[in-house]
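Please read the structure below before turning to the comments.
The values are calculated or read from the model by the stated rules, or taken from the named source; none is laboratory data. Fair warning: this is a prediction, and the values are worked out from it, not measured in the lab. Cβ: placed from backbone, ideal geometry, glycine included. Neighbour counts: every protein chain shown.
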Amino acid sequence: MTKLQVQFGKRIKMLRESKGLRQDAFVKFGINPSYLSALERGQKNATLEIVERIAEAMGVDVFQLFFFESSSELPTKAEVNRVITSLDSKKIRRLLDLLKILE
């Protein structure tokens, strides 16, 4: 198992869960849930055909499957709070506007 396999698997799982999809939803795209599970754990390699099917199943462009987090850990609430409390009111408004766009 390579670092790329693990990153790719984590990305697939994160996107799938963020879209509220279960692994069995991929069956109609020709992807077995146990195979998808192994991909998400970084235990299997995906062919380009499978990558394309996964993107189609999730309704995303293929390139979006390869936007890996630079760090495997999300920031803590304390880190986020520290950044937000350091912003002036204008920047907080801009941040809220951006978050609304991302919803």
Among the residues of region 1-53 satisfying the criterion of being surrounded by fewer than 15 Cβ atoms within 10 Å (Cβ to Cβ) and of a type in the set (Lys, Arg), which is nearest to Phe66 (Cα to Cα)?
Lys3
Could you please let me know if Ala57 is in a helix (DSSP H, G or I), among the small types (Gly, Ala, Ser) and either surrounded by fewer than 15 Cβ atoms within 10 Å (Cβ to Cβ) or modelled with pLDDT of 90 or more (or both)?
yes
